[in-house]
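Peer 1: So that we are looking at the same thing, I have put the structure below in structure tokens.
The values are calculated or read from the model by the stated rules, or taken from the named source; none is laboratory data. What you see is a predicted model; the values in this text were computed from it and never measured. Every residue, glycine among them, receives a Cβ derived from its backbone with ideal geometry; neighbour counts consider all protein chains shown.
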Amino acid sequence: MSASFLQAPASFDPYAVRAEFPILSREVNGFALTYLDSAASAQKPACVINGLADQMRTSYANVHRGLHTMANECTEAFEGARQTVAGFLNTKSYEEIIFTSGATEAINLVASSIGADLREGDEIILSEMEHHSNIVPWHFLRERKGVVLKWVGVQDDGLLDMQSYTQAFSAKTRFVTLSHMSNVTGVMTDAKELVKIAHAHNVPILLDGSQAAVHGIVDVQELDVDFYAITGHKLYGPTGIGALYGKAKRLNALRPYQGGGEMIESVSKDKVLYGLPPYRFEAGTPPIVQAIGLGIALEWVMALDRQAVAEHEYNLMRQLTQALKKYNDVRIIGDTPAKGGVVSFDVQGMHAHDLAQLMDRYGVAVRAGNHCAEPLMQRFSATSTCRASFAAYNTVEDVNRFLEAFEKARKFLS
Ligand SMILES: Cc1ncc(COP(=O)(O)O)c(C=O)c1O
């Protein structure tokens, strides 16, 4: 991502995009809403909001195995959404996409399934940069199976320490699971290189793309990654839906995750034959409407000039970063050009929660806390940070309103 400050690229009009989000015209505490919390969850365009309602209003039934018209229509829409997710990530086949409730479930699915075959002393590589969703499922394996977690370090500028990564491999390494973009700092990892190194050791790798897939174009074939997790609500889609990409050969070798309807070939009193991927991993009634909503959201995202959106978000991030750097009591966590539209910072002597609450008085929504990434907080000796995160609908006015509110909050606190 390159930085050409302030001007949105000509092929992308953030104001036109903004107009598609009804919620962004509301006020909060008497001020125009300045929504800078999209890394936690993005707002929804009208096409997604209406699409969800339309589906339930016009054609709703349970999917698969149905013999009536609406069941078939709904199955078509649901499987169409799977095709859309496959197109979004450029998978070889739509059967490599498993619908999950989010990135959290996608990662739990992989950890639980591969974990069944791991033994005491086997090693899993992860990093200090991970969201708890990509830590706790692996802690389960540490607690339950005696698996050893090998932690890759993070440099002072927030980048993943590649030397620490290469040194983490041993003959006992069985799996690598790493973030593609930090939700705390916005720092990107060199995904292609991470995959290359893991494969040089014959180890499969999962990338947590919860943030990266929002701020850039992800091509799983080009990355050659084995598993890739995304979550719908950060991609302008509904909550309760996400997806796991798995290379066909990996999914074919993977144990089922949950048992129930839809995931079997046949069941008798003494035997069960599992269905093929992706259905083997989708036990029970799936999140039908949510998946269809995710499909609509991704079609909407893909209709934008995504490179231009990424540059726009990057420019806003750089503008805010430069403005905050003028305060010598502000520390930017993850200060490197290799990042997307997220700014995380702390201010000496001020609690991030106080700042966020005071800024909310002026309609500015930012997040404060540990961002579900305690190991990264520990790495930077921070208990919490304040985080502003950008999406396609943010504009330079949002940055200015943030700075005005920040200045007022500082004055109040100091
Ligand atoms: C980097 C990262 N990974 C995983 C998750 C978990 O996503 P979800 O809660 O939607 O499953 C998040 C959500 O904040 C995230 O930012």
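Peer 1: Name the residue that is nearest to the ligand (Cβ to nearest atom), counting only residues in the range 77-123 that are in a strand (DSSP E or B) and buried (at least 24 other Cβ atoms within 10 Å of the Cβ).
Peer 2: Once the filter is applied, the top-ranked residue is Thr100.
Peer 1: Among the residues of the range 336-347, which ones are in contact (Cβ under 8 Å) with a residue 60 or more places away in the chain and touching a strand residue (DSSP E or B) at 6+ places or on another chain (Cβ under 9 Å)?
Peer 2: Passing the criteria: Thr336, Ala338, Lys339, Gly340, Gly341, Val342, Val343, Ser344, Val347.
Peer 1: Something else now. Any chance the range 20-29 includes a residue that's hydroxyl-bearing (Ser, Thr, Tyr), part of a helix (DSSP H, G or I), in contact with a Lys or Arg (Cβ under 9 Å, 6 or more places away or on another chain) and within 24 Å of Phe390 (Cβ to Cβ)?
Peer 2: Within the range 20-29, one or more residues are hydroxyl-bearing (Ser, Thr, Tyr), part of a helix (DSSP H, G or I), in contact with a Lys or Arg (Cβ under 9 Å, 6 or more places away or on another chain) and within 24 Å of Phe390 (Cβ to Cβ).
Peer 1: Scanning the range 25-44 for residues that are of a type in the set (Ser, Thr, Tyr) and out of contact with any Leu (no Cβ under 7 Å at 6 or more places or on another chain), which turns out farthest from the ligand (Cβ to nearest atom)?
Peer 2: So the residue we want is Ser25.
Peer 1: While we're here: Considering only the range 327-353, how many residues are closer than 20 Å to Ala40 by Cα, surrounded by fewer than 18 Cβ atoms within 10 Å (Cβ to Cβ) and of a type in the set (Ser, Thr, Tyr)?
Peer 2: 0
Peer 1: Taking only pairs six or more apart or across chains, which ones have beta-carbon atoms under 7 Å, a first residue in the range 367-392 that is under 30 Å from Asp305 (Cα atoms) and among the polar types (S, T, N, Q), and a second residue that is modelled with pLDDT of 95 or more and not in a helix (DSSP H, G or I)?
Peer 2: Here the result reads Ser389/Leu36; Ser389/Asp37; Ser389/Ser38; Ser389/Ala39; Ser389/Gly341; Ser389/Val342, each pair linking the range 367-392 to a residue that is modelled with pLDDT of 95 or more and not in a helix (DSSP H, G or I).
Peer 1: Something else about it: Pick out, from the range 129-248, the strands (runs of 3 or more DSSP E) lying fully within it that include 3 or more residues that are farther than 26 Å from Ile333 by Cβ, within 16 Å of the ligand (Cβ to nearest atom) and within 22 Å of the chain's Cα centre (by Cα).
Peer 2: Of the strands (runs of 3 or more DSSP E) lying wholly inside the range 129-248, those with at least 3 residues that are farther than 26 Å from Ile333 by Cβ, within 16 Å of the ligand (Cβ to nearest atom) and within 22 Å of the chain's Cα centre (by Cα) span 242-246.
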